[in-house]
Amino acid sequence: TIHPDARPGEFTEELWMYDTAEFFVADAAGKQYMEFNLCPNGAWWACAFSAPRVRDASAGIPVGVLTTGTVTPQGWSCSARVPLAYLRSLDIDINNCRLAATCILNSPDYQFCTTSDDQSGEPDFHRPGSWALARLV
């Protein structure tokens, strides 16, 4: 299901309440990170965090994001381009960072998927210390 206010290519709050793909990128220490949500139709939301679930209000919303989304009877796919300057402004070095890919499917009977190593307890994607070390090229 798609968020009722989601418009292709536009910033939209609370996408995670419906089907969404997400990715998280953190600094190598797993402290400062960005969450990016992408709706099946290409609507998006992003937020910077200075610690798990602590929003970094000074970071603002990234400018220059480009997204796509395609929904068919067989499924959906989406993609996003986030300017590297935004990650640099968060002191995230793409040559030495942490990365997690996640998704929320089948709302309202949620199915949660994550690449995070820590899957204990209730679903919580905000565990940057458990995300894989990565080098984005």
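Phi angles of region 50-66 translate, via the Karplus equation with coefficients 6.51, -1.76, 1.60 and θ = phi - 60°, into HN-Hα couplings of 9, 6, x, 6, 9, 5, 9, 4, 6, 6, x, 8, x, 9, x, 6, 10 Hz per residue; Gly and Pro are given as x.
Ordered from highest to lowest accessible area with the whole protein assembly present and a 1.4 Å probe, 39, 78 read as 78, 39.
The string of couplings for region 70-77 from the Karplus curve (6.51, -1.76, 1.60, θ = phi - 60°) is 9, 10, 10, x, 7, x, 9, 9 Hz, one whole number per residue in order, with x for Gly and Pro. Each 10 Å bin from zero up to the one holding the largest Cα-Cα distance in the chain carries the following percent of pairs: 13, 43, 36, 8, 0. Distance between the modelled labels on residue 107 and residue 66, one decimal in nanometres: 2.7 nm (7 Å Cα→Cβ projection). Accessible area per residue for region 72-114 is 62 Å², calculated with a 1.4 Å probe on protein heavy atoms, without ligands, DNA or RNA.
Excluding the site residues themselves, the longest part of the chain lacking any GluC sites (Glu not before Pro) in a DSSP loop with at most 13 other Cβ atoms within 10 Å is 15-137.
Converting phi to 3J(HN,Hα) with the Karplus coefficients 6.51, -1.76 and 1.60 and the offset θ = phi - 60°, region 126-137 yields 8, 10, x, x, 9, 7, 5, 5, 9, 10, 8, 10 Hz in sequence order, with x at every glycine or proline.
The values are calculated or read from the model by the stated rules, or taken from the named source; none is laboratory data. Everything numeric here is computed off the predicted structure, so don't read it as measured data. Cβ coordinates were reconstructed from backbone atoms using ideal geometry, including for glycine residues, and neighbour counts include every protein chain displayed. Note: accessible area is taken over every heavy atom of the protein model, side chains too, but ligands, DNA and RNA are not part of it. Shrake-Rupley method; radii C 1.70, N 1.55, O 1.52, S 1.80 Å.
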